[in-house]
Every structure is written in C-alpha cells, then in structure tokens.
1. Going through the cross-link list Lys14/Lys300; Lys336/Lys387; Lys218/Lys262; Lys132/Lys262; Lys9/Lys240; Lys155/Lys347, which pairs have a Cα-Cα distance over 30 Å in this structure?
2. Let me check I've understood the local charge: for Val326, count other residues with C-beta under 12 angstrom from its C-beta, Lys and Arg +1, Asp and Glu -1. What total comes out?
3. What per residue convex hull volume, in Å³, do the alpha-carbon atoms of the range 251-340 yield?
4. Give the peptides 219-227, 132-140 in descending order of average Cβ contacts within 10 Å, highest first.
5. How many percent of Cα pairs in the range 320-396 exceed 14 Å?
6. Would you please put 172-180, 313-321 in order of how densely packed they are, using the mean number of other Cβ atoms within 10 angstrom per residue and starting with the highest?
7. Tell me the relative contact order for the range 320-396 as a rounded percent, counting alpha carbon contacts under 8 Å between residues six or more apart.
8. What does the charge dipole of the range 320-396 about its Cα centre add up to, to the nearest 20 debye, if the Cβ of each Lys and Arg holds +1 and the Cβ of each Asp and Glu holds -1?
Amino acid sequence: MITLAIAGKPNCGKSTFFRAATLAQAEIANYPFTTIDANHGVAYVRTACPCREMQVPCENCRDGGVRFIPVGLIDVAGLVPPEAHLGRGGLGNQFLDNLRQADAVIQVVDASGSTDAEGNPIDIGSRDPPIKDIEFLQYEMSMWMYGILSRNWAKLLRQAQARDFSLAAAIAEVFAGLGITYEHVRDATGGAVGIELRTAGGEEDLIRFCRELMAISKPMLIVGNKADLAPEGCLERLAKHDVIFASAAGELALRMAAEGGKFVRYLPPGDRNFIENPPGANLSAAQRAGLAKVAEFMQKFDGTGVQKALDAAVFTLLDRIVVFPVEDEHKLTDGKGRVLPDAFLMKRGSTSRDLAYQVHTDIGEGGFLYAIDAKTGMRIKDTQELKNGDIIKIVSVRK
C-alpha cells in the first residue's frame, strides 16, 4: 500500500487534515505539539470504476462509478524550525524517522497566517504567508539526510574502492531503510548539477546532493490549509507557489454531518458539493451558517481540497495509474465471481509482468505466461506498458 505522510510545523491543521481524510481519532487542539506520537490511518484516492464503461454490475464502487482505493496516511508530530534535524524539543528526530515510511509527503502549511514559526496562535493574517514554512521542511529533511551521509562518507568511499562498485550503490545501501533505492541515488547525482560523488565530499556538495535525493525519493506536495480563514492577500501570495488550498475543518464538518445521512448528502471524501438530506433538515442556525461557509469555499476552490490533495499526491506526484486484475476476462470477475474486486495502484510505465508480481510474486518470477486486455480481448506482450483503467487477465502456470 502506498503511504503518505502529513508533515509541517505544529498547529497548522495536520491532525484535522488526517481526521478529515480518515475519520480516525486524532487529538485536535489550538496549541503546539498536540500530536506527539504519529497517528496512522487509511485514506482513499478516487478514480472512475470501469464497471459503467463495461456495462457490468459492480458492488465495489459508490454512486454508480466512483472507486475508492486505500492508501496509508501518517500524521506525524509537528516540526519546529530552526535546526529540528538536531532534535530540537525532543521531537525532531522522531518526526524525521516517521517520514522514512512514506512514499511521499503532504506538507500542510497554515495559509491563514494565524500561527507563528513555532505554531503558537496569533491573529489571523498577522504573519506573512508561510513561504518560509514551506522551505524549512525541505531544508530539515535535506540536513537529516546529510547528517546520515556525512557520518558514513569516509567509510563509503573506502567500501566503494575496495569492493569495486559504484559509490551510488554504497550510498543506496546506507539509505535503504528510508526506502531510497539505487535509482534514486543515480537520478539525484545527475540532477544535482552533475555532482561527481567520488570527487565531492565537501559539505556544500553533499548538502546539495542530499536536497536533490530528498526531492526525488520523498516528493512533496504543499497544502495551504485554513484557506477558508485566510485574507485574500495571503492566498494571492501563496498562489504563486504550487499549492493546493484546503479547508480540512470544512471537510471534517461535512463528513460528520453526512454520517448516517443525518443532515447532508455528501459522498466523502471528495465530492465537490453537497445537499441537505432531507431538504429542510432540522439544522440549527449555527449549523446552517457553518455549512453555508463550507459551501462557499467549495464553490470557490472546487471542493474542500482534502481529496484533491490526496489524489494529486498519488496520481500526479507519485505518477500512479489504476489497473484492475481479473481472472475471467469475459465476466470481469475473480475466482469467486466478484466483479472487478481489486484495483492496483501501479507506477506509470508498468507492464503486465509487473502486474503479475503485484498479484503474486511467484507468478511474476516464474509462472507468468501472457496477459489479456479484457477491454479488447487481445493478448498483450509482457513488455507492453499498461494504461490507466486497464482491466487485465494474467495467464500463468499456477492454478
């Protein structure tokens, strides 16, 4: 399962975002360090289920064609600048260690400017939009990686020379526990203005390399939370950056109001609007006013932003496609007769053989024979790249 980490300074709305995306319990309060230990939950990305296109009945989607695919979500403790990688407040190293589990990072910043650099509440708009908040997390993660690399640098050089293999491979071994691969190191070497690692070693070169390695191995999406409270000037300045504006509190309020169809009809997460259910529901004046503000925000930003952020992290940042494996390419069922029961998030460029590994390692390693595109009925090569929404039957020697 893909795992996303929610990161940022304290009191920027990370735990609200986490609860809005998962409905898992997480403490929410208006003071720094509400989250001490990481919260873990399951969120979902949205995609179109092919059942409607293929005109088959399906019990695995909602509202006639919306498919939800689970992803792991980690709400980690807030990180305080500066020098958090040195363990400031006792939370820095714990925070950074939690990030090793993540495939990508959703950095939540306070778009309203209502918290200072350390997460203490201040008047809304009294602090300039958190451009520095965006930069500090990238810096802290880079310096964390640099600390690991610098401690091992002399040893890595000796190992690479003695064992006669690339320094990139040796670096990948050191960072293997962080989910960093040889390919990540190789790409970072090329991207960091052509650093030749064997002749580097200076602090500036290695920090530059670590920043590139962090960006490649832990890609980051910026979410401007509390945008419903932000003065227009704050939003305009933040909009110059690649930011998704969100109201996690609005999403959470909607999800609570929609539970059991009590007050509103809303398909969480991610519908772009909602309606009262039933019309004229017994809402208080305060509840109506609150929902009206959420509706206004959703109209302006095409939703609350929470689902948009999750989808962007998986489908854009990590560049995943959705593939549906089946055992019967005619009925689009598995061995138990369930229609389109599984949806796999695959790297773009994956082949049918890669899908075979996802279905079962033994099939990928030796049992794979060929694959069939269920939409066309045609056999496809094991080297053919899969497309988003493909329905694939894997034919193997395993029964």
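1. Violating the 30 Å Cα-Cα cut-off are Lys218/Lys262; Lys132/Lys262; Lys155/Lys347.
2. -2
3. So the per-residue hull volume is 142 Å³.
4. 219-227, 132-140
5. Above the 14 Å cut-off, the range 320-396 has 54 percent of its Cα pairs.
6. Most protected by this proxy first, the peptides run 313-321, 172-180.
7. 39
8. 260
Each value in this text was obtained by applying a stated rule to the coordinates, not by laboratory testing. This one's a predicted model, so the numbers in the text were calculated from it and none came from an experiment. Cβ: placed from backbone, ideal geometry, glycine included. Neighbour counts: every protein chain shown.
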